[in-house]
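Have a look at the structure below, then the notes.
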Amino acid sequence: MEGATAQRAVARIRDRGIVVDAACVVAIVVVAWPVSTVRPRVDSEGGWLAMLAYAAQHGLRFGDQIAWSYGPLGFLTGGPFLYYPGVFALSWLFAVAIQLLLAAALLGALRRSLPLPLAAAVTALVLSLTVEPAFALGVVASVLLLRAAPARPQWIGTAHAIGLGALAGVLLLGKLNQGIELLLLSGIALGGSAAARRRDALAFASALLATVIVCWFATGQTLADAWPYVRNGIETILGYTGAMSASDPAYRWTYLAALALMALTLALAIDGGRTLAPRPRRALLLLCLVHIAFAFKEGFVRQDAGHLLVFFGELLVLVAVLPVRRPRVPALLAAVAATTVAYAVVAGGHAFLHTVDPHANASAIADQAQLVASAPRRTRLTAQVQAQVAATYRIDPALLDAVGRRTVMLWPFSFGEIAYAYGLHVRPLPTLEPYAAYTPALDRLGGELLTSARAPARVLRVTPKAGPFSPQPSLPAPPPMSFACCMTGRRSSSLVSSGRSGSIRERPRPRRCCAQPQTAWSAPIRSHPMSATSAPTAPP
């Protein structure tokens, strides 16, 4: 009797602990909600987000119609914005699920070395500053796989591997470079795990393959698009470094800060690895080295505020999930504090305080939840955004009549917000924007489209006053690019980039190859001169 009573008491305490942990996780997600607004951006910098939503809504094919590092699930990793109700609801619910899982994983990891209140506070801080939470969850899951005790129940290890495999599959179709990195990290973790490696590896591979296949065909892709998606995505990833590399003297100090923080992170990994068996210990150090290398490339190839925040945010996640011995808890907290300070300096005081403001974050998630549940509210916000697009671009009705339901390419930005607001039938450049044709192979894709039977019937051309490539004049424009237009039995115009300044012009090719482009209508707008250009007719 006494034994049974003791068991019931232990069970009640355990159940109470689970309830407390679950309440903490929900509270952390609410106060650290990272999506400040779901209102679509109306500017050239937000057009690519709109195009990801457009591609998901209309089933555009990645690999054939779009060649980018983002894939058919890019609308999930790009963030929830209210362009199309179904796409928005799915991406917002995905963000909620990721935040819940990430909060639970980080809280569980930190509670092994910190008391619950402090662990919850650190978890909330890390979540607030995580720029790419889906990928961060993959990193955390990989490290926890190495930290797992060999004696844990078999079903927990299998579920862990299945979840990690499914997430890797989503990221492979969301943002290819993140999916590839997570595959590497997962492979290191599975190979170094002290648990049943073969069983977990099989569960991981099965979940990965199933997720990729189901999501690939569910988003309207075909089997023929699979290899072009991988090939063009890798071409984009490799070409990005050479085409978009830039440094900003204002952030020169971040090199020293990054080196110091990376060294501290590796020191914590080496020290914390002493709590693990030899194989997981070596795997943990290798995982940290690989992840830090990828994070450094992400933050410093194009050294601007946005990419630096990604770097410091990823480093903060890695520090938080590492195994830490009790005597090294002050070093852990010091690393978290130092990384947070670096993040705050890059972001700026006002932006940082707004990011970690629990009241603002709680208000944002509450408002967005109501928006997801209320169709009338979504309709009103959609009408407001469409009115804002119309007021910003002021496209003459004659231009819209010239386009009609014909296929149209928006030039030189993707301008997804225009496609969304006016219901255009967009046939985008494969790289979405000309500056993203980082390599000759990507450049040729644009030329092949413009000279094929799939060429858009109209080109809606926008010439921003500040230059078409970057709203930040301090950053250089990408290298010049051109589109070949000659083809057999068809004429086309050639859109080319002229010099480093990034000015766009339409250049007629010799008559034997291409016809003179015809301007159907043109009308100035408040901020962008815009014209609709018809595709030339075939030669007689």
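Data table
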{"read-out": "Options ALA283, ALA295, ALA267: the member that is closer than 19 Å to VAL341 by Cα and either part of a helix (DSSP H, G or I) or small (Gly, Ala, Ser) (or both)", "value": "ALA295"}
{"read-out": "Test for GLY74: is it in contact with a strand residue (DSSP E or B) (Cβ under 7 Å, 6 or more places away or on another chain) and not hydrophobic (A, V, I, L, M, F, W, C)", "value": "yes"}
{"read-out": "Near pairs, Cβ below 8 angstrom, 6+ apart or cross-chain, from the range 376-388 (without any contact (Cβ under 8 Å) to a residue 40 or more places away in the chain) to any residue that is exposed (fewer than 12 other Cβ atoms within 10 Å of the Cβ)", "value": "ARG377/GLN370"}
{"read-out": "Boolean, VAL329 is surrounded by fewer than 16 Cβ atoms within 10 Å (Cβ to Cβ), of a type in the set (Val, Ile, Thr), assigned by TED's automatic domain parsing to the domain that holds GLY86 and at pLDDT 90 or above", "value": "yes"}
{"read-out": "Tally, over the range 101-112, of residues that are in contact with a Pro (Cβ under 8 Å, 6 or more places away or on another chain) and not hydrophobic (A, V, I, L, M, F, W, C)", "value": "1"}
{"read-out": "Restricting the range 398-420 to residues that are more than 17 Å from ALA56 (Cβ to Cβ) and in a helix (DSSP H, G or I), the residue that is modelled with the highest pLDDT", "value": "ILE418"}
{"read-out": "Members of the range 438-464 that are of a type outside the set (S, T, N, Q), assigned to a loop (DSSP other than H, G, I, E, B) and either surrounded by fewer than 22 Cβ atoms within 10 Å (Cβ to Cβ) or touching a Pro at 6+ places or on another chain (Cβ under 8 Å) (or both)", "value": "TYR438, ALA453, ARG454, ALA455, ALA457, PRO464"}
{"read-out": "Among residues of the range 223-246, those that are touching a helix residue (DSSP H, G or I) at 6+ places or on another chain (Cβ under 8 Å) and either within 27 Å of ALA331 (Cβ to Cβ) or polar (S, T, N, Q) (or both), counted", "value": "3"}
{"read-out": "Qualifying residue in the range 86-109 (condition: more than 16 Å from ALA22 (Cα to Cα), aromatic (Phe, Trp, Tyr) and not in a helix (DSSP H, G or I))", "value": "no"}
{"read-out": "Where VAL131 falls short, out of the listed (1) modelled with pLDDT under 90; (2) part of a loop (DSSP other than H, G, I, E, B); (3) hydrophobic (A, V, I, L, M, F, W, C)", "value": "(1)"}
{"read-out": "Test result for GLY71, touching a residue at least 24 places away in the same chain (Cβ under 8 Å), under 15 Å from PHE413 (Cα atoms) and in contact with a helix residue (DSSP H, G or I) (Cβ under 6 Å, 6 or more places away or on another chain)", "value": "no"}
{"read-out": "Lone qualifier among ALA103, ALA159, ALA141, ALA134 - being out of contact with any strand residue (DSSP E or B) (no Cβ under 7 Å at 6 or more places or on another chain), surrounded by fewer than 23 Cβ atoms within 10 Å (Cβ to Cβ) and among the aliphatic types (A, V, I, L, M)", "value": "ALA159"}
{"read-out": "Residue satisfying condition, being in a helix (DSSP H, G or I) and at pLDDT 95 or above, within set ALA366, ALA390", "value": "ALA366"}
{"read-out": "Index of the failed condition, GLN221 passing every other in (1) outside any helix (DSSP H, G or I); (2) without any contact (Cβ under 8 Å) to a residue 40 or more places away in the chain; (3) not β-branched (Val, Ile, Thr)", "value": "(2)"}
{"read-out": "All positions within the range 304-328 that are over 16 Å from LEU261 (Cα atoms) and assigned to a helix (DSSP H, G or I)", "value": "ALA305, GLY306, HIS307, ARG326, PRO327"}
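The values are calculated or read from the model by the stated rules, or taken from the named source; none is laboratory data. If you're wondering where the values come from, they're calculated on a predicted model, not measured in any experiment. So basically every Cβ, Gly included, is an ideal-geometry build from the backbone, and we count neighbours across all protein chains shown.
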